[in-house]
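Input: a single structure, listed below in structure tokens.
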Amino acid sequence: MNALLNPTSSATGLPVRGHLINGQHVTDAVRLQDVWNPSTGAVGGRVAIAGKATVEAAIAAAEAAFPAWRATPPAKRARVMFRFRELLEENSDRICELIGREHGKIAHDAAGELQRGIENVEFACAAPQLLKSEYARNVGPGIDSWSEFQPLGVVAGITPFNFPAMVPLWMFPLALVCGNTFVLKPSERDPGATLLVAELLQQAGLPDGVFNLVNGDKEAVDTLLTDVRVQAVSFVGSTPIAEYVYATATAHGKRCQALGGAKNHAIVMPDADLDNAVSSLIGAAFGSSGERCMALSVAVAVGDETADKLIAGLTRAMQGLKVGAFDNSKNDFGPVITAQHRDKVVGFIDSAEKQGAQIVVDGRRPQVEGHPDGFYVGGTLIDHVGAQMDSYRNEIFGPVLQVLRVKTMQEAMDLIDAHEYGNGTCIYTRDGEAARYFSDHIKVGMVGINVPLPVPVAYHSFGGWKRSLFGDLSAYGPDGVRFYTRRKTITQRWPSAGVREGVQFSMPTFG
Ligand code: NAD
């Protein structure tokens, strides 16, 4: 079972994470790159960075596997997913251990990530139903018409570090059951869990070449974006790269959906149940060290009285927050992904302070016993943040909650609408009319009402607005089915023997 994960050891004896191409493990690399254990700050393994030729080999394998996989009945494709789902459940501890070791997520958080990924596999199991065509009989005399949804061919997926199991599972199970073949380029920063998931997919009985995985960086991505054999690209990552991926892929004639970064605001209304709002804000701001694209990183308090109570409640609740190593389940959240990222997060806190905000709880130098070199940032609360501050305008992607104070709900909504990102948002209120107005008018793709992380379940679709999503279709769910298929509409007539059809020059109306 470990054959794919630890195929070779470098001179240091560390595992090398390679590629999975045509059912075989390959470690071709233009270079090896360190994979860190963020909890200890030590190098825990290495990843093979693929050059162009290796990526092209993966594309070739996917292209060769396409005709037979396309012809495989959807029910048979789905059966692979049923087995895959069981294997994911059986191996969940191993997957979560790898997520923890390379990403830093605490086991309970990694288990939640995996569960959300498995739900996407369950959705993909419904392929025969999802792919049923639209049929209309007698659109004209003796004429029937239907639309069917055909696979695209080779599809590529490019994924971020923060959900090494879940985000790939948003993509390839659905793409595969729709009849496509796939090349995945996961994050090079925590490749272990993704590689194990890929290995389990092979074990589930997927034919060789239908799914391929290459580890790599910009060179690998650029090869996928420009190769004429790749028909479509699903991307999830930061906004500058999402924009680049979308522009490059579409310029090369590909269908593309590119999900980007976020700055998710919660409005706290004067009538909110503050105790519940505080608990759920704490979880949504600091869970996974704030390294979620749906993390609530900004609270907008309506009225100074609300703000004062909110700050008092948050400050009290944060005294018990525990940051620490991934392998202690008593910790609330773990380290951030790299030392550079820790410095970037701390830099944003410094800049907020310099620009006049008030650091209420300061997590810049947390003491984590036994792990002095881990990449830790403690939970940080900042009050009196202004809309022009760098820490507000940019995605921090760390355990930092910023509070802005406004006088009215409309002012809070204007702030959210003016922000470049539009991924998720939430309102805390007991007023149904206010909540309804908010969800109706706010310019954000995913809205929570007293729900801090409104991540849609697998049978809805996930996608932000504004610069949080480039493309027309969201990820997974019904939009995923549309993204991974191409509509074809067929109109048929079988004239009765002996019936002569006259020439018709006018536009046929079938009427
Ligand atoms: P990232 O943009 O740095 O990397 C994402 C992918 O792009 C990786 O596979 C990486 O190898 C590749 N990449 C990086 N630089 C590239 C370049 N110059 N050219 C081509 N490819 C490149 O993102 P990350 O740091 O891994 O992930 C965190 C970001 O992802 C955050 O901004 C977060 O909000 C976002 N995210 C968004 C969603 C969403 O659904 N909207 C979900 C998860 C994460």
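The values are calculated or read from the model by the stated rules, or taken from the named source; none is laboratory data. Keep in mind it's a predicted model, so treat the numbers as computed, not measured. Virtual Cβ from ideal backbone geometry, glycine too; neighbours counted across all protein chains shown.
Does region 231-253 hold any residues that are within 19 Å of the chain's Cα centre (by Cα), of a type outside the set (A, V, I, L, M) and within 11 Å of the ligand (Cβ to nearest atom), and which are they? Walk me through how you get there before you give the answer.
Keep residues of region 231-253 that are within 19 Å of the chain's Cα centre (by Cα), which gives 232-246, 249.
Next, only the ones that are of a type outside the set (A, V, I, L, M) stay: 234-235, 237-240, 243-244, 246.
Within region 231-253, 234, 235, 237, 238, 239, 240, 243, 244 meet the criteria.
Out of the residues in region 185-230 that are in contact with a Phe, Trp or Tyr (Cβ under 6 Å, 6 or more places away or on another chain) and within 22 Å of residue 99 (Cβ to Cβ), state the one that is farthest from the ligand (Cβ to nearest atom).
First pass over region 185-230, keeping only residues in contact with a Phe, Trp or Tyr (Cβ under 6 Å, 6 or more places away or on another chain): 187, 189-190, 201, 204, 210-211.
Those still in the list that are within 22 Å of residue 99 (Cβ to Cβ) too: 187, 189-190, 201, 204, 211.
On the way: 187: 5, 189: 7, 190: 9, 201: 19, 204: 24, 211: 17 Å.
Per the criteria, the residue is 204.
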Item to check | Candidates 181, 226 - the one that is in contact with a strand residue (DSSP E or B) (Cβ under 8 Å, 6 or more places away or on another chain) and among the β-branched types (Val, Ile, Thr) | outcome: 181
Checklist entry - Name the residues in region 442-472 that are surrounded by fewer than 22 Cβ atoms within 10 Å (Cβ to Cβ) and more than 13 Å from the ligand (Cβ to nearest atom), would you? => result 442, 443, 447, 449, 450, 451, 457, 459, 460, 472
Item to check | Breaking point among (1) within 14 Å of the ligand (Cβ to nearest atom); (2) part of a helix (DSSP H, G or I); (3) out of contact with any His (no Cβ under 9 Å at 6 or more places or on another chain), for residue 258 | outcome: (2)
Next on the checklist: Here is a check on your reading of the model: is residue 313 within 19 Å of residue 281 (Cβ to Cβ) and not in a helix (DSSP H, G or I)?
Outcome noted: no
Next on the checklist: Restricting to region 261-291, name every residue that is within 16 Å of the ligand (Cβ to nearest atom) and acidic (Asp, Glu).
Outcome noted: 291
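Among the residues in region 474-491, are any assigned to a loop (DSSP other than H, G, I, E, B) and either closer than 30 Å to residue 138 by Cα or away from the ligand (no atom under 16 Å from the Cβ) (or both)? Steps first, answer last, please.
Taking region 474-491 first, the residues assigned to a loop (DSSP other than H, G, I, E, B) are 474, 476, 484.
Remaining after also requiring either closer than 30 Å to residue 138 by Cα or away from the ligand (no atom under 16 Å from the Cβ) (or both): 484.
Within region 474-491 (the criterion being assigned to a loop (DSSP other than H, G, I, E, B) and either closer than 30 Å to residue 138 by Cα or away from the ligand (no atom under 16 Å from the Cβ) (or both)), the answer is yes, since at least one residue qualifies.
If you go through region 163-184 one residue at a time, how many are out of contact with any helix residue (DSSP H, G or I) (no Cβ under 7 Å at 6 or more places or on another chain) and within 12 Å of the ligand (Cβ to nearest atom)?
The initial filter retains those residues of region 163-184 that are out of contact with any helix residue (DSSP H, G or I) (no Cβ under 7 Å at 6 or more places or on another chain), namely 167, 171-172, 175, 180.
If we keep only those that are within 12 Å of the ligand (Cβ to nearest atom) as well, we get 167, 171.
Count: 2.
Conditions tested, residue by residue: (1) within 25 Å of residue 254 (Cα to Cα); (2) of a type in the set (D, E, K, R).
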{"site": "124", "(1), (2)": "yes, no"}
{"site": "142", "(1), (2)": "no, no"}
{"site": "174", "(1), (2)": "yes, no"}
{"site": "185", "(1), (2)": "yes, yes"}
{"site": "197", "(1), (2)": "no, no"}
{"site": "205", "(1), (2)": "no, no"}
Item to check | Elements of type strands (runs of 3 or more DSSP E) contained in region 21-131, each with 3 or more residues being β-branched (Val, Ile, Thr) | outcome: 42-49
Checklist outcome for this item: Matching residues in region 48-73 (buried (at least 18 other Cβ atoms within 10 Å of the Cβ) and in contact with a helix residue (DSSP H, G or I) (Cβ under 7 Å, 6 or more places away or on another chain)) number 2
Checklist entry - When both residues are 6+ apart or on different chains and their Cβ atoms are under 9 Å apart, which pairs have a first residue that lies in region 229-245 and is outside the structural domain of residue 55 (by TED's automatic domain parsing) and within 19 Å of residue 166 (Cβ to Cβ), and a second that is small (Gly, Ala, Ser) and within 6 Å of the ligand (Cβ to nearest atom)? => result none
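Every residue, every condition in (1) of a type outside the set (Phe, Trp, Tyr); (2) under 17 Å from the mean Cα position of the chain (by Cα); (3) under 20 Å from residue 181 (Cβ atoms), yes or no:
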| residue | (1), (2), (3) |
| --- | --- |
| 69 | no, no, yes |
| 78 | yes, no, yes |
| 89 | yes, no, no |
| 139 | yes, no, no |
| 142 | yes, no, no |
| 148 | yes, no, yes |
| 160 | yes, yes, no |
| 163 | no, yes, no |
